[in-house]
Amino acid sequence: MNKTHKKIINKIGNTYKNYINISLDNEAGILNLKLDKFANIELKLKNATQNIDESLKEFVNELSTSSFIQIKEVPNGYLISSFIGSKKGSQKITAFCEDIDFNIEFYDYSQIKISEDENIDNYRVRLGVKQARNLLSKHALLGDENLNDIEKNLLKYAMLIAILNSAQDDETYDMESICSIYDLFLKYDNNYEKIEFLEQALKATESYAGKIQEIDEIKNIIEEYIEIQHELDKNTKNTKNFNFDEFQKKIKKYQEKCYYYKPLYKVYADFTLEVKKACKDFKNPTKTLETDYSISIRNYIDSQVIPVLKQSGFEGEYPYFTYKSHKKLYTLGFEINSNKTLVKYDDRKINSKKIINLLKNVEPRDINIEDVGVYLVDKCSDIVDIARSVNEFLEELKIQKISEYGQTQKEHKNQNNSVANEENNQASDIGDNKSNKEANESNFVMQDKDYIKLKKMWYDEEDELLNMYNMQAEFFEHGKHALGAIVIANEKLYKWGILDLPACIVYSFDKYYNDAENMKELDNIANQLADLRGRRQENNTLKQIVYILESEVERAFGIKLPYDMTNGRDVFFSTVMIPRKYLPKKKVDRAVYPFNILVGIRPDAMLVPHWYW
């Protein structure tokens, strides 16, 4: 083992307080040192033994008891002492070996995961902080010679981010969200003092000077403290001291709550995009965790899914893809785990505050699904599941494209006929009434976006509820409006999902229930029915309803409830199929919903899409 490699290992052992994990393969005699997200060092111990010869005991006593890992050269070989496990340490071993082979592998640290708890409208800040910590730790440990040109150029920006983020140490965050500047000073063996960090950060601010007001103010603060330190270095009389804590307090207001709409957010966005370029040739750390399942799924996505996405106009590369239309931004992401695949997707209006600000800082092709904050997740178990999920997403996109095209054509036509429209505005009251009537009627004509497709493979073809899919237009055009309350529903409907599932409801045409207070009465009736399960009934109508509720597979439509349960109002019981597409967030999250009713038809009720509520 050469001296440089031994020095690196001992430096790790003495300075790494966090983000290190050491594992031992006893049979192969290999120690693996996982360094945060940026590298893995493999130490292969030749002819290793934990039975230390008596002649080496004095050298063992010289080994540090607190170091995570330490190598000491001794006669005929090396002594190595290490904690096996996490930074807390679970077992300490000491071994002798004749020689040590050193191998380092660099990892792609650009795609660090940011949890939903961390991501509070500040994804690029959280990502940039973790990336900066990895880059600076890598540089402190391995020096310039182990960085590529892009990484070297990014160092000053990483130091700026470290200084900004250091003001957050007293905030309540997960430790991994913090880029501890004091820990970084230690890793640099104090070769980089605070003044050097400040000077490098000052260089980084020059790229944004005059463009971001907050950066100009931070630049002034940094210059002030650099001047103080230089005066101290000259040993001149100076009543001021270099107080780093005071400096942190001054910059804290710029870092605190740095959300996506803040100008300073651009610094983090630019940094994360450059880190992605810097890491493009590094190994994906999840490669070492691949299973037969993950390999087959990735091959399927690469060969079958991505070409279809590209043909549909999506930009990006695995695992993130984005499509920008005139009206919306569509994002899609994949996460392959050991036995399941998460398909993440979202669509947002282009003119929403978040997307307007996001597109100022990140090109569509570089957007990650986490950039949008809240998104939907479909948990898929196999290729069939993934195909279904992606196809449903693309079908909805296709419908939206058709809708947008029609709307654009309509807007274009309206612009060309603006003079005619002015004349129409001066039409008689009779003409106005006719126009309003036609507008109301058009609301009940089924549009392309309203159509839902039956996925037959998931259902019993004999189920009467499936007839709803063949009668969609009839429900829209001839159905009678009613309010309905959920009695019971398939438990999966209360969580986000894809499949349409059945429920039992009570509904009424009585306008009495349109009032918010009276609506609660309809919900109370539903709850009363649900509570009848498991209890014997004398009333034949209730007896039939209880049978339906308890069986969960039998169907009934339009059963009129006894008046003593409804205070003399007409209320009906039915089983229905709940289309996920029609629910906000694709799950049941309230008690009362609007329905279209076809009296006397089986099935007789269909949920009204949420975009008409």
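Consider Glu552 carefully, then state whether it is at pLDDT below 90, within 38 Å of the chain's Cα centre (by Cα) and either farther than 30 Å from Val374 by Cβ or not small (Gly, Ala, Ser) (or both).
Working: at pLDDT below 90: yes; within 38 Å of the chain's Cα centre (by Cα): yes; either farther than 30 Å from Val374 by Cβ or not small (Gly, Ala, Ser) (or both): yes.
Yes.
From the list Ala526, Ala530, Ala556, which one is touching a helix residue (DSSP H, G or I) at 6+ places or on another chain (Cβ under 9 Å), in a helix (DSSP H, G or I) and over 30 Å from Phe393 (Cβ atoms)?
Details: Ala526 fails: touching a helix residue (DSSP H, G or I) at 6+ places or on another chain (Cβ under 9 Å); Ala556 fails: in a helix (DSSP H, G or I).
Exactly one residue qualifies, and that residue is Ala530.
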Subject >> All positions within the stretch 304-360 that are farther than 18 Å from Lys113 by Cα and basic (Lys, Arg) >> reply: Lys310, Lys324, Lys327, Lys328, Arg348, Lys349, Lys353, Lys354, Lys360
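Would a scan of the stretch 302-313 turn up a residue that is in contact with a Lys or Arg (Cβ under 7 Å, 6 or more places away or on another chain) and either closer than 18 Å to Leu359 by Cβ or at pLDDT below 95 (or both)?
So the first thing to find is which residues in the stretch 302-313 are in contact with a Lys or Arg (Cβ under 7 Å, 6 or more places away or on another chain), and the list is none.
No, because not a single residue in the stretch 302-313 is in contact with a Lys or Arg (Cβ under 7 Å, 6 or more places away or on another chain) and either closer than 18 Å to Leu359 by Cβ or at pLDDT below 95 (or both).
Looking only at the stretch 572-599, filter to residues that are among the aromatic types (Phe, Trp, Tyr) and within 17 Å of Leu522 (Cβ to Cβ); which one of those is farthest from the chain's Cα centre (by Cα)? Even if it seems obvious, please write down each step before you answer.
Taking the stretch 572-599 first, the residues among the aromatic types (Phe, Trp, Tyr) are 572-573, 582, 593, 595.
Next, from what is left, pick out any that are within 17 Å of Leu522 (Cβ to Cβ): 572-573, 593, 595.
On the way: Phe572: 42, Phe573: 40, Tyr593: 30, Phe595: 33 Å.
Filtering the stretch 572-599 for residues that are among the aromatic types (Phe, Trp, Tyr) and within 17 Å of Leu522 (Cβ to Cβ), the one farthest from the chain's Cα centre (by Cα) comes out as Phe572.
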**OP:** Give just the number: which of (1) part of a helix (DSSP H, G or I); (2) under 15 Å from Leu522 (Cβ atoms); (3) free of Cβ contacts under 8 Å to residues at least 40 places away in the same chain does Gly568 not satisfy?
**Re:** (1)
**OP:** Please go through the stretch 528-562 and pick out each residue that is under 23 Å from Phe509 (Cα atoms) and open to solvent by 70 Å² or more (accessible area, probe 1.4 Å).
**Re:** Gln528, Gln544, Lys560
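Results for (1) within 30 Å of Pro75 (Cβ to Cβ); (2) open to solvent by 20 Å² or more (accessible area, probe 1.4 Å); (3) outside any loop (DSSP other than H, G, I, E, B), shown as yes or no for each residue.
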residue: Lys92; (1), (2), (3): yes, yes, yes
residue: Asp121; (1), (2), (3): no, yes, no
residue: Ser137; (1), (2), (3): no, no, yes
residue: Glu145; (1), (2), (3): no, yes, yes
residue: Ile163; (1), (2), (3): no, no, yes
Original post:
What do you reckon, is Asp99 open to solvent by 10 Å² or more (accessible area, probe 1.4 Å), touching a residue at least 12 places away in the same chain (Cβ under 8 Å), within 30 Å of Leu45 (Cβ to Cβ) and not β-branched (Val, Ile, Thr)?
Top reply: yes
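Please return the ranges of strands (runs of 3 or more DSSP E) entirely within the stretch 308-390 where 1 or more residues are in contact (Cβ under 8 Å) with a residue 12 or more places away in the chain, at negative phi and open to solvent by less than 30 Å² (accessible area, probe 1.4 Å). Walk me through how you get there before you give the answer.
Numbers: elements: 315-317, 320-324, 328-336, 341-349, 376-380.
Where strands (runs of 3 or more DSSP E) fall fully within the stretch 308-390 and carry at least 1 residues being in contact (Cβ under 8 Å) with a residue 12 or more places away in the chain, at negative phi and open to solvent by less than 30 Å² (accessible area, probe 1.4 Å), they are 320-324, 328-336, 341-349, 376-380.
Of the residues that make up the stretch 575-585, is at least one among the β-branched types (Val, Ile, Thr) and either open to solvent by 10 Å² or more (accessible area, probe 1.4 Å) or assigned to a helix (DSSP H, G or I) (or both)?
no
Considering every residue within the stretch 43-54, establish whether at least one is closer than 19 Å to Lys283 by Cβ and surrounded by 14 or more Cβ atoms within 10 Å (Cβ to Cβ). Don't jump to the end; show me each part of the working.
Step one: list which residues in the stretch 43-54 are closer than 19 Å to Lys283 by Cβ, which gives 43-44.
Going one step further and asking which of them are surrounded by 14 or more Cβ atoms within 10 Å (Cβ to Cβ), we end up with 43-44.
Yes: one or more hits.
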Original post:
Any idea how many residues of the stretch 287-307 are in contact (Cβ under 8 Å) with a residue 12 or more places away in the chain, open to solvent by less than 80 Å² (accessible area, probe 1.4 Å) and not in a loop (DSSP other than H, G, I, E, B)?
Top reply: 10
**OP:** Hey, can you tell me all the residues within the stretch 26-42 that are closer than 13 Å to Ser82 by Cα and either without any contact (Cβ under 8 Å) to a residue 12 or more places away in the chain or in contact with a Cys (Cβ under 9 Å, 6 or more places away or on another chain) (or both)?
**Re:** Asn32
Original post:
Taking the stretch 171-216 as the region of interest, how many residues are part of a helix (DSSP H, G or I), open to solvent by 60 Å² or more (accessible area, probe 1.4 Å) and either closer than 21 Å to Leu264 by Cβ or modelled with pLDDT of 90 or more (or both)?
Top reply: 3
Original post:
Which residue out of Asp564, Asp523, Asp531 is over 47 Å from the mean Cα position of the chain (by Cα) and among the acidic types (Asp, Glu)?
Top reply: Asp564
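The values are calculated or read from the model by the stated rules, or taken from the named source; none is laboratory data. All figures in this text were calculated on a predicted structure; none of them were measured in a lab. We place every Cβ from the backbone using ideal geometry, glycine too, and count neighbours over all the protein chains shown. Surface accessibility is based on the protein's heavy atoms, side chains included, excluding ligands, DNA and RNA. Shrake-Rupley method; radii C 1.70, N 1.55, O 1.52, S 1.80 Å.
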